[in-house]
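Structure, as structure tokens:
The values are calculated or read from the model by the stated rules, or taken from the named source; none is laboratory data. Note that the structure is a prediction, hence the values are computed from the model and not measured. All Cβ positions, even for glycine, are placed from backbone atoms using ideal geometry, and neighbour counts span all protein chains on display.
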Amino acid sequence: MSESTMMSQVKKTFSLLNQRACSWSCSRSSSSFFTDSDSAGLVLQSHSTDVYQNLALEDWIDANVELQGRGILLLWRNRPAVVIGRHQNPWTECNLPVMRRAGIPLARRRSGGGTVFHDLGNLNLTFFTSKKAYDRQRNLKVVTDALRRLRPGLDVQATDRFDILLNGRYKISGTASRLSRKSSYHHCTLLHSADRSALSSVLRPSCPGIQSNATPSVPSPVANLLDHAPSLQWEELLGALVQQYNTEFGLHSALTDIDPTNESMFPGVGEMEVELRSWDWTFGKTPKFTMETQLELTNEQPPARCSARLQMEVKNGQIESCHLDVPVEWLPVRLSGELSSVLIGERFCPHRAAAAFSAVLRSESGATHRRLHRLCDAMLTVMG
Amino acid sequence: MAACWLLRSLSSNFSTVLPLLARSASLSPLQLTSKPYFGRTLASSSRLSAALKFTDKHEWIRVEDGIGTVGISNFAQEALGDVVYCGLPEVGTQLAQQDEFGALESVKAASELYSPLTGEVVEINTLLADNPGLVNKSCYKDGWLMKMSISKPAELDSLMDEAAYERYIHSIED
């Protein structure tokens, strides 16, 4: 089949799947299509390895596709990225300075659950269904059945937390989901050949001393499938998953490549991507938290050492209050007070804080300036 | 091609749906008055308006003196399982009927919450921050989610009363 014919087939299926408010004549003429098993499901693979584009595609399908009596499986993977759950705190879940230096972006998804590291060795599977047909165990069975078919000796089990464990110990898959207006999606990761040292270096807290009621991740030791099944190729894995999905749900769908940035196929998807990239969504949606920590301050000339106490309240990613307790012999109260007050209303972010501090720093000189500078540096370090 | 046209024309009907996901709940293109409605009709029917009304998304609203208290039904809290986090809107957020106003995260999933009526958020239940389980334990009383002013009282007529909601639950359970 030529690419344009395949595309028009997918477009046609999408348009039928989009029939929400259908007149009688409309549904009658297309009823034969509904009984055709091909339209009862689709298996799609995203062209893109951009985490925001792929998350936007999920949102688009969730919002626009009629899923009563149907299902869609979407396969996707991303260039290195950290993805936090809907109600999580990025400052406790991941190491933002390490990520910044490595150029690893942060994304917040709309489903719940914990924090994961994505890279090209991690496969994401999203199972879209109606709310009635929402069944995570059945979806995970697709994955474990496919793996056992590929490598019969493989010990893979889904747990009651909806993780998949290898050899009863190593997590190879984590799950999250979202229930919306009429539909639902359940997505999970699958570690094929991810960079485990990158994973462990980024999945650490950025800041000490944070107290919050944000949903915490449950850390687990992980493993890659490739380490335990060295001959298991990526394409082989995908093929088995597609086949098992079709078997489990009585479908005959071929894997179809799609471009999640195609506005004519997915009108409005670009706007969804913009929102997912925004600071307001990624950081601003963080549940309110307080941060309380000790700052160790030292000086060379004259040698001096003391600790300061820093306490901040952060709401919507912005600093609502800031209290700095610095010994008066180290720095005048006036100056520590100024540093606190310039932060109010600023984003909880070392770049914004540094910019706010610069005015205060400029007004001082000599030894006072040096101490102020050290205090600023210490504060920036604990802000991720 | 006819199918493409169908897709495009249908997607234009989703203009009320797409912006809901493409913007945060605190930004609304709608210009709404925040004044509650103090018409005579409301005062005389205040006895009726204190009763619970339900949406097909399993939210309930109880209107008293022009303010609606919103929560989720027992059916919903049972289906959700243990709530571990309540994501609620900012006070002052303008909501149109059916707008997403937040999400409840439970072991089952992150489930969107939909506004039963058009109005403005005037209060949120701060107890839920440390005790999200109140939504399960006391969904009609201590587990209320938010209070809102009512801009369009007529919208109440589109909601189900308790008896109609019971019938609705039975119909979907079958």
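Which residue is surrounded by the fewest Cβ atoms within 10 Å (Cβ to Cβ), if the candidates are limited to the stretch A:246-264 and must be hydrophobic (A, V, I, L, M, F, W, C) and more than 27 Å from the chain's Cα centre (by Cα)?
First, the residues of the stretch A:246-264 that are hydrophobic (A, V, I, L, M, F, W, C): A:249, A:251, A:254-255, A:258.
Those left that are additionally more than 27 Å from the chain's Cα centre (by Cα): A:249, A:251, A:254.
Values: A:Phe249: 21, A:Leu251: 19, A:Ala254: 12.
The extreme case among them is A:Ala254.
Within the stretch A:153-183, can you find the residues that are within 14 Å of another protein chain (Cβ to nearest Cβ), among the polar types (S, T, N, Q) and without any contact (Cβ under 8 Å) to a residue 60 or more places away in the chain? Give the steps one after another, and end with the answer.
Looking only at the stretch A:153-183, we keep the residues that are within 14 Å of another protein chain (Cβ to nearest Cβ), and these are A:159-163, A:174-183.
Then keep just the ones that are among the polar types (S, T, N, Q); that gives A:159, A:175, A:177, A:180, A:183.
The one that is within 14 Å of another protein chain (Cβ to nearest Cβ), among the polar types (S, T, N, Q) and without any contact (Cβ under 8 Å) to a residue 60 or more places away in the chain: A:Thr159.
Looking at the stretch B:55-68 only, could you name the residues that are more than 14 Å from chain A (Cβ to nearest Cβ), crowded, with 21+ Cβ neighbours inside 10 Å and farther than 16 Å from B:Thr118 by Cβ?
Selection gives B:Trp60 alone.
Take the stretch A:184-210 and flag every residue that is within 11 Å of another protein chain (Cβ to nearest Cβ) and of a type in the set (A, V, I, L, M).
none
Please specify each residue of the stretch A:233-245 satisfying the condition of being over 25 Å from the mean Cα position of the chain (by Cα) and crowded, with 19+ Cβ neighbours inside 10 Å. Reasoning before the result, please.
The initial filter retains those residues of the stretch A:233-245 that are over 25 Å from the mean Cα position of the chain (by Cα), namely A:233, A:236, A:239-240, A:243-244.
If the condition is that a residue be over 25 Å from the mean Cα position of the chain (by Cα) and crowded, with 19+ Cβ neighbours inside 10 Å, then A:Ala240, A:Gln244 are the ones that fit.
Which ones in the stretch A:279-303 are under 15 Å from A:Ala378 (Cα atoms) and hydrophobic (A, V, I, L, M, F, W, C)? Give the steps one after another, and end with the answer.
Step one: list which residues in the stretch A:279-303 are under 15 Å from A:Ala378 (Cα atoms), which gives A:291-299.
Of everything in the stretch A:279-303, those that are under 15 Å from A:Ala378 (Cα atoms) and hydrophobic (A, V, I, L, M, F, W, C) turn out to be A:Met291, A:Leu295, A:Leu297.
Which residues, taken from the stretch A:277-311, are within 14 Å of chain B (Cβ to nearest Cβ) and assigned to a loop (DSSP other than H, G, I, E, B)?
Looking only at the stretch A:277-311, we keep the residues that are within 14 Å of chain B (Cβ to nearest Cβ), and these are A:277-290.
Answer for the stretch A:277-311, where residues must be within 14 Å of chain B (Cβ to nearest Cβ) and assigned to a loop (DSSP other than H, G, I, E, B): A:Ser278, A:Phe283, A:Gly284, A:Lys285, A:Thr286, A:Pro287, A:Lys288.
List the residue pairs whose Cβ atoms are under 6 Å apart, where the first residue sits in the stretch B:128-155 and is away from every other protein chain (no Cβ under 14 Å) and free of Cβ contacts under 8 Å to residues at least 24 places away in the same chain, the second is surrounded by 15 or more Cβ atoms within 10 Å (Cβ to Cβ) and in a helix (DSSP H, G or I), and the two are 6 or more positions apart or on different chains.
Every condition considered, the pairs that remain are B:Asp142/B:Leu134.
Can you give me the number of residues within the stretch A:336-348 that are among the hydrophobic types (A, V, I, L, M, F, W, C) and crowded, with 20+ Cβ neighbours inside 10 Å?
First, pick out the residues of the stretch A:336-348 that are among the hydrophobic types (A, V, I, L, M, F, W, C): A:339, A:342-344, A:348.
Filter once more, keeping what is crowded, with 20+ Cβ neighbours inside 10 Å: A:339, A:343, A:348.
Result for the stretch A:336-348: 3.
All but one of (1) under 28 Å from A:Gln233 (Cβ atoms); (2) under 14 Å from the mean Cα position of the chain (by Cα) hold for A:Thr159; state the number of the condition that does not hold.
(2)
Please find, among A:Arg362, A:Arg371, A:Arg347, the residue that is of a type in the set (Lys, Arg), without any contact (Cβ under 8 Å) to a residue 40 or more places away in the chain and either outside the structural domain of A:Ala308 (by the TED database) or at negative phi (or both). Don't jump to the end; show me each part of the working.
Details: A:Arg371 fails: without any contact (Cβ under 8 Å) to a residue 40 or more places away in the chain; A:Arg347 fails: without any contact (Cβ under 8 Å) to a residue 40 or more places away in the chain.
Testing whether each residue is of a type in the set (Lys, Arg), without any contact (Cβ under 8 Å) to a residue 40 or more places away in the chain and either outside the structural domain of A:Ala308 (by the TED database) or at negative phi (or both) leaves just A:Arg362.
Looking at (1) surrounded by 15 or more Cβ atoms within 10 Å (Cβ to Cβ); (2) without any contact (Cβ under 8 Å) to a residue 12 or more places away in the chain, which one does A:Ala355 not meet, given that it meets all the others?
Tallying (1) surrounded by 15 or more Cβ atoms within 10 Å (Cβ to Cβ); (2) without any contact (Cβ under 8 Å) to a residue 12 or more places away in the chain, A:Ala355 fails exactly one: (1).
Confirm whether A:Ser341 is of a type outside the set (A, V, I, L, M, F, W, C) and more than 31 Å from the chain's Cα centre (by Cα). Write out each step before concluding.
Values: of a type outside the set (A, V, I, L, M, F, W, C): yes; more than 31 Å from the chain's Cα centre (by Cα): yes.
Yes, satisfied.
Restricting to the stretch A:199-232, name every residue that is assigned to a helix (DSSP H, G or I), surrounded by fewer than 18 Cβ atoms within 10 Å (Cβ to Cβ) and in contact (Cβ under 8 Å) with a residue 24 or more places away in the chain.
Selection gives A:Ser201, A:Leu226, A:His228.
Specify the residue that is farthest from B:Val63 (Cα to Cα); the eligible residues are those in the stretch B:104-116 that are buried (at least 24 other Cβ atoms within 10 Å of the Cβ) and at the interface with another protein chain (Cβ under 10 Å from one of its Cβ atoms). Outline the logic, then answer.
If we filter the stretch B:104-116 for residues that are buried (at least 24 other Cβ atoms within 10 Å of the Cβ), which is where we start, we get B:104-105, B:109-111, B:113, B:115-116.
Narrowing further to those that are at the interface with another protein chain (Cβ under 10 Å from one of its Cβ atoms): B:104-105, B:109-111.
On the way: B:Leu104: 22, B:Glu105: 26, B:Ala109: 29, B:Ala110: 27, B:Ser111: 24 Å.
Once the filter is applied, the top-ranked residue is B:Ala109.
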